[in-house]
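First comes the structure, then the notes that go with it.
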Amino acid sequence: MKSIQSKMLKTENRNENNLKRLHSSVLCLSRFFLNISKGRKKLILHSIRDETLRPALDPARVQPTGNEVRVLAEMIKHETGIKITGGRIGMMLGLEVQTSGSSCNSRTYRRWVSSGDQPSSIPYAAWAILAHAAGYKFIWRPKGFSFIDQPFTGGIRDGVLASGPDWVTPLPSEFIEVESRIAINAKKETASARQLNFLIGGAIGLALHETGASSVYRAWVTGAKTPSYAHWALMVDLAGLGVIWRP
C-alpha cells in the first residue's frame, strides 16, 4: 500500500513539475517569433531585449536593431489580430506612405528594419508607440510620473488629438497648453523653460545637449518647427489626454 501511495505521489510531483516547465516555456516563447527567411525557409528566432524597452534617459537603454523592429511589428499583429504592413505602421506613426494599386508601404519603415542585427535608425518615440501597441507598458513615462485631474479648457482642436492619418499639426498655443498640463502632472508648475525642455524632451527621446536642453524642442516651443506625430503623441499621453494612436 505504501509503495502504491509513494508511486502516486511521485507521479503527481512529476506532473506538477512538467506543468511548471510547460508554463515557463510558454512564457518564454511568447517573447519570441519565428521568422521564415525567403528561399531556404530557414527558421530564425529573434527576441526583444529588455534594454530596448526602458525610458529614453535610462543609461541602460540600448537602441533596438532592425530585426527587433520587425519582430515588434509581428507582435502587434498577434496582439491586435490585424494584418500589419509597413504601410499600416507608417500610417499609425504619421509617416509618409507610398501607395501602389491596393497596397501601400513606407520607405521609412523599410529603412528602420533594413539594418538587420545592427542598431536601427528608428526614433525612440516611434519605437515606444510600437512597443505599446505590441502590449508593452508605457515605457516613456518617467519614474514617479502621475496624472492629476485637470479640467479640459477646450483650447485644443480635435484634429490635434486624432490618430495618425487624420492628425493636424498643433498650433503654438496648443503646444503650450499640452506642455503646461505635463508640467502639472510632473509637479513642475514652476519649472523654467530649460527644465521643461529637459523633462519633456528627454522623456520623448530627443537628443539633449550638454546644457541639458534640446534645440529641437526649443524650436517647437517658438513655433519655428512642428513636432513629428510620434513625439506629439507621447506628449499628449504625458499631458493626460489619452493614447491617440491606433494600429
Exercise. Sort out which residues of the range 124-137 are at pLDDT 95 or above and not aliphatic (A, V, I, L, M), and write them in order of number.
Key: Tyr124, Trp127, His132
Quiz item: Going through the range 216-246 one residue at a time, which ones are small (Gly, Ala, Ser), open to solvent by 10 Å² or more (accessible area, probe 1.4 Å) and within 16 Å of Pro172 (Cα to Cα)?
Solution: Ala219, Gly223, Ala224, Ser228
Exercise. Test each condition in (1) exposed (fewer than 13 other Cβ atoms within 10 Å of the Cβ); (2) touching a Lys or Arg at 6+ places or on another chain (Cβ under 7 Å) for Pro151 and report the one that comes out false.
Key: (2)
Quiz item: Quick check: is even one residue across the range 100-117 in contact (Cβ under 8 Å) with a residue 60 or more places away in the chain and closer than 21 Å to Ile204 by Cα?
Solution: no
Quiz prompt | Condition check for Gln63: of a type in the set (S, T, N, Q) and modelled with pLDDT of 95 or more | solution = yes
Quiz item: Does the range 172-192 hold any residues that are out of contact with any helix residue (DSSP H, G or I) (no Cβ under 7 Å at 6 or more places or on another chain) and either under 24 Å from Ser146 (Cβ atoms) or free of Cβ contacts under 8 Å to residues at least 40 places away in the same chain (or both), and which are they?
Solution: Ser173, Ile176, Glu177, Ser180, Arg181, Ile184, Lys187, Thr190, Ser192
Quiz item: Which of the residues that make up the range 56-80 are more than 20 Å from Arg141 (Cα to Cα), of a type outside the set (S, T, N, Q) and touching a helix residue (DSSP H, G or I) at 6+ places or on another chain (Cβ under 9 Å)?
Solution: Gly66, Glu68, Val69, Arg70, Ala73, Met75, Ile76, Glu79
Exercise. Assess whether Lys143 counts as being more than 19 Å from the chain's Cα centre (by Cα) and not in a helix (DSSP H, G or I).
Key: no
Practice problem: Among the helices (runs of 4 or more DSSP H) lying completely within the range 153-247, list those that include at least 1 residues that are farther than 21 Å from Met92 by Cα and either modelled with pLDDT of 90 or more or over 16 Å from the mean Cα position of the chain (by Cα) (or both). | Solution: 172-185, 193-203, 215-222
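The values are calculated or read from the model by the stated rules, or taken from the named source; none is laboratory data. This is a predicted model, so every value here is computed, not measured. FYI the Cβ positions are ideal-geometry reconstructions off the backbone, even for glycines, and counts take in every protein chain you see. These accessible areas exclude ligands, DNA and RNA; they are computed on the full protein's heavy atoms, side chains included. Shrake-Rupley method; radii C 1.70, N 1.55, O 1.52, S 1.80 Å.
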